[in-house]
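This report refers to the structure that appears directly beneath it.
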Amino acid sequence: MLAVRATEAGGPEVLETVYPPLPKPGPGEILIRHEAIGLNFIDTYHRSGLYPISFPAVLGLEAAGVVEAVGADVSRFQVGDRAAYGTGPLGAYAEAHAVPEGRAVKLPETVATKVAAAAMLKGLTAEFLLRRCYRVKAGEAVLVWAAAGGVGSILCQWAKALGATVIGTVGSEGKAEVARWNGCDHVLLYRDEDVAARVREITGGEGARVVYDGVGKASFDASLASLGRRGMLVSYGNASGPVAPVEPLALSRAGSLFLTRPTLFDYVATTEELDAAAAALFEAIGSGAVRIGVGAEYPLAQAREAHEALQAGETTGSVLLIP
């Protein structure tokens with residue numbers, strides 16, 4: 001089968017196509033024949049070595065397709081079921097992957113396979129950020145960085161459906177249109193505007209109740225300055241690089257702020273948590289509250305080009321690799 005692996009830590013140039021044998025599912029595993037594979041920023045963190053893994057490695061944590069074979073003692077799936085996963089294990093950049101049945105979910109009829117591949121990791125991330133890490137309430141002001149990106153697009157739509165006032169940041173006028181389509185009440189061009197000052201202006205001086213920041217180093221100070229008293233900064237990504245160490249007194253001086261650096265994997269650590277999170281996501285998609293926009297599709301063999309486009313900020317919405 002065709003697969004794409006990183007030979008060592010580095011830039012997109014370390015990605016290469018390989019042809020390993022088709023895996024066989026072991027006890028408790030299912031073999032999913034992929035119809036679509038999700039591209040995510042965490043893939044670039046694994047490839048670069050920011051999040052350490054062993055090399056060489058087939059990248060990817062998210063895909064969807066059809067169960068082609070099951071191992072011993074599998075009870076959640078049968079051959080022919082449509083299935084998806086979004087938290088690994090590593091190895092999704094391939095035509096097929098054997099995954100533990102407890103890390104995969106069945107797809108309802110209301111969710112297309114490509115939509116699932118585009119939505120699992122990013123949608124599950126949005127679910128825990130909005131509903132469990134900080135529970136967004138109607139009427140609250142929410143600031144979402146990269147409002148036209150994969151996670152940002154879902155965050156904005158879902159927050160709007162929850163009744164929040166959604167403020168989104170983008171890097172260009174073209175992406176501003178995408179952010180408005182995603183439900184943003186206010187769109188800020190972060191390269192041209194003082195984000196924190198504009199958030200204060202929009203909120204009548206109160207500041208945002210929560211900031212969802214997947215950008216990292218370049219946006220951190222503005223995120224803190226955008227928060228109101230006892231607000232929460234949820235720093236969930238490092239698109240511009242990791243954030244420098246933070247002095248706790250800075251949180252006190254800025255209004256007794258809360259800071260968290262969560263990861264999805266701690267919020268779907270059990271099969272029960274995964275099933276509940278996926279059910280909430282699929283309900284949001286099925287109801288129309290969240291629309292999954294696929295910004296681009298690349299053949300799996302062109303994963304390098306897809307990584308280059310993602311890191312250059314040239315993509316909007318979700319990006320898929322097609323086997």
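Here are a few things to note about the model shown:
- You will find that of G163, G174, the residue that is under 24 Å from E283 (Cβ atoms), small (G, A, S) and either modelled with pLDDT under 95 or not in a helix (DSSP H, G or I) (or both) is G163 and no other.
- Any hit, region 12-22, residues being part of a strand (DSSP E or B), touching a strand residue (DSSP E or B) at 6+ places or on another chain (Cβ under 9 Å) and surrounded by 20 or more Cβ atoms within 10 Å (Cβ to Cβ): yes
- Summed over region 68-83, residues that are in contact with a Leu (Cβ under 7 Å, 6 or more places away or on another chain) and more than 23 Å from F265 (Cα to Cα) total 2.
- Residue list for region 186-219, restricted to those being within 23 Å of T44 (Cα to Cα) and crowded, with 22+ Cβ neighbours inside 10 Å: Y212, D213, G214, V215, S219
- Residues located in region 135-147, provided they are closer than 16 Å to G216 by Cα and in a loop (DSSP other than H, G, I, E, B): W145, A146, A147
The values are calculated or read from the model by the stated rules, or taken from the named source; none is laboratory data. As the structure is a computational prediction, the values presented were derived from the model and not from experiment. Note that each Cβ is placed from the backbone with ideal geometry, even for glycine, and that neighbours are counted across all protein chains shown.
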